[in-house]
Amino acid sequence: MMMSRQTQEGGDSSTNYQAQNITVISGIDEKRAREVYQEMSLKLKEEFAQEALKIANSRVSEFESILLPKMEKMDGAFEAFADPSFQILLSEAQKTAASTERPADYDLLSELLVHRFAKGENRIVRAGVNRAVEIVDEISDDALLGLTAFHAVNHFFPASGEIYKGLDTLDKLFGNIFYGKLPTGRDWLDHLDILDAVRLNSFGGLIKLDEYYSKELYGYVDVGIRKNSEDFARAIDIIKDNKLPQNILVDHALNSEFVRLPISNRRQIESLTFTQQFFHQGVFIPNSVALTEGQKEAINRIYDLYSQDSNIKSENIRIFMEKWDERASLNILKKWWNNLDLGIQVTSVGRVLAQSNAQRCDKDLPSLD
C-alpha cells in the first residue's frame with residue numbers, strides 16, 4: 001500500500017424515472033459518450049490525407065477501447081463528455097493517438113484524460129494535462145521511464161510501519177515501473193527540458209538516495225527505545241494510562257536491543273488506527289478504531305522517549321541500505337539515482353505525465369492531491 005497525498009445528481013431535464021425499479025439515466029450515458037467520441041473523431045478527416053486516414057482511424061479506435069472502460073468505472077465521468085473544454089482535450093488526444101505508433105501511448109493518453117476528469121477543477125493540473133497530451137507521441141521511451149522513476153521517488157512512500165514490508169512495497173513499485181532500462185547520460189534530460197517536462201540546473205544537485213530515504217522514512221531508522229530501560233518503563237506506563245494496544249511497540253528490525261513505533265514517520269500518527277474485536281452473535285468481528293486526540297498526543301510522547309544516539313542511528317541507516325540493496329529493483333534505483341548529477345525540477349506537465357504513466361504501470365497507486 002502506497003501513500004502520497006461521489007455523489008452524483010442529475011438535473012430535472014436530464015433524469016428519467018421508471019416505475020417499480022427506479023433507474024436514473026444521466027444526461028450523458030455510455031452510449032452517448034461513445035457517440036461524442038465518434039463525433040470528435042470525424043475531425044481527423046481534416047487532419048490527415050486519405051492514405052493516412054485508415055491508420056489514424058485504427059489507432060483512434062484502439063484508444064477508444066482503452067479510454068471508455070476506464071471512464072465507465074468512475075462515478076460521473078461520462079458527464080465530462082458534455083464539457084466543451086474536455087471535448088477540445090479529447091480531440092487533441094485523438095490526434096496524438098492517431099500520430100503515435102506505440103500501443104502503450106493509448107493507455108497513457110487514457111490515464112491523462114482520467115486524471116483531467118478527476119482533477120479538472122485545478123487549472124494548474126488542467127494546463128499540465130493539456131500540454132502533456134500534446135507531447136505523448138514526442139517523448140522517448142527512456143525519457144518517459146526516467147521521468148516516471150524520478151517522480152515516484154519524490155511522491156510515493158510505503159504506508160506500512162513495518163520496515164521490511166515497506167522495503168518490499170517500494171521494490172514492487174519500482175519493479176512495476178522499470179519496464180525498460182533506466183536512461184543514463186544527459187540526452188534524456190535535455191529531451192525532457194525541450195518538452196517542458198523538467199527544468200534543469202547545472203549548479204544544483206541531488207542528495208544521495210541513502211540520505212534521501214533515511215530522512216523521508218526516518219521512522220524506520222530512528223533508534224527507538226532500549227528494552228528494559230527507564231524510558232521503556234515510562235513508555236509502558238503511557239500505553240497503559242491511555243488504553244493503547246500493548247503491541248504498539250514492536251521489536252526494531254534493525255537493532256534487536258530496541259523497540260519502536262510501527263510508523264515510517266511521525267506524520268502517520270495522525271492517521272493511525274487500532275483493531276478491536278467485538279463479539280456479535282457468537283462471532284468475533286474486527287473493527288478499526290481511530291485514535292483519540294489524547295492517544296495521539298501519548299504516542300508522540302512515546303516517540304520523544306527515543307534514544308538520540310547518533311552512532312546507533314548511523315548503524316541503522318547502514319543496515320537499512322544493506323537490506324535495500326538486497327532487493328533488485330531498489331538496488332537498480334539507487335545506482336541510477338546516485339549518478340544523476342544535475343538539479344532536476346519536474347514541471348506541472350512532467351508531473352501529470354509521470355503520474356499517469358506510473359498509474360499505467362501500477363494500478364494500485366493513489367492519485368496525487
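The values are calculated or read from the model by the stated rules, or taken from the named source; none is laboratory data. Given the structure is predicted, the values throughout are model-derived calculations rather than measurements. Positions of Cβ are generated from backbone atoms using ideal geometry, with glycine treated the same way; all protein chains shown enter the neighbour counts.
Summary of computed values
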{"read-out": "Residue within the stretch 248-256 that is in the same structural domain as Asn331 (by TED's automatic domain parsing) and among the hydrophobic types (A, V, I, L, M, F, W, C) present", "value": "no"}
{"read-out": "Test for Thr96: is it hydroxyl-bearing (Ser, Thr, Tyr), more than 21 Å from the chain's Cα centre (by Cα) and in a helix (DSSP H, G or I)", "value": "yes"}
{"read-out": "Unmet criterion (only one of (1) among the aliphatic types (A, V, I, L, M); (2) farther than 23 Å from Tyr164 by Cα; (3) modelled with pLDDT of 95 or more) for Leu330", "value": "(2)"}
{"read-out": "The one condition in (1) in a helix (DSSP H, G or I); (2) closer than 14 Å to Asn357 by Cβ; (3) out of contact with any strand residue (DSSP E or B) (no Cβ under 7 Å at 6 or more places or on another chain) that Ala118 fails to fulfil", "value": "(2)"}
{"read-out": "Residue match in the stretch 64-71 (condition: assigned to a helix (DSSP H, G or I), farther than 16 Å from Ala33 by Cβ and within 22 Å of the chain's Cα centre (by Cα))", "value": "no"}
{"read-out": "One residue from Val24, Val36 being among the β-branched types (Val, Ile, Thr) and either under 16 Å from Ala93 (Cα atoms) or modelled with pLDDT of 85 or more (or both)", "value": "Val36"}
{"read-out": "Residue list for the stretch 143-161, restricted to those being closer than 15 Å to Phe174 by Cα and assigned to a helix (DSSP H, G or I)", "value": "Leu144, Leu145, Gly146, Leu147, Thr148, Ala149, Phe150, His151, Ala152, Val153, Asn154, His155"}
{"read-out": "Residues of the stretch 227-243 that turn out to be in contact with a helix residue (DSSP H, G or I) (Cβ under 7 Å, 6 or more places away or on another chain) and either assigned by TED's automatic domain parsing to the domain that holds Thr169 or part of a loop (DSSP other than H, G, I, E, B) (or both), as a count", "value": "1"}
{"read-out": "Test: residue in the stretch 244-261 that is charged (D, E, K, R), under 28 Å from the mean Cα position of the chain (by Cα) and assigned to a helix (DSSP H, G or I)", "value": "no"}
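For every residue, the table says whether it meets (1) surrounded by 15 or more Cβ atoms within 10 Å (Cβ to Cβ); (2) touching a Pro at 6+ places or on another chain (Cβ under 8 Å); (3) modelled with pLDDT under 85; (4) assigned to a strand (DSSP E or B).
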position: Glu270; (1), (2), (3), (4): no, no, no, no
position: Ile285; (1), (2), (3), (4): no, no, yes, yes
position: Lys296; (1), (2), (3), (4): yes, no, no, no
position: Arg301; (1), (2), (3), (4): no, no, no, no
position: Ser314; (1), (2), (3), (4): no, no, no, no
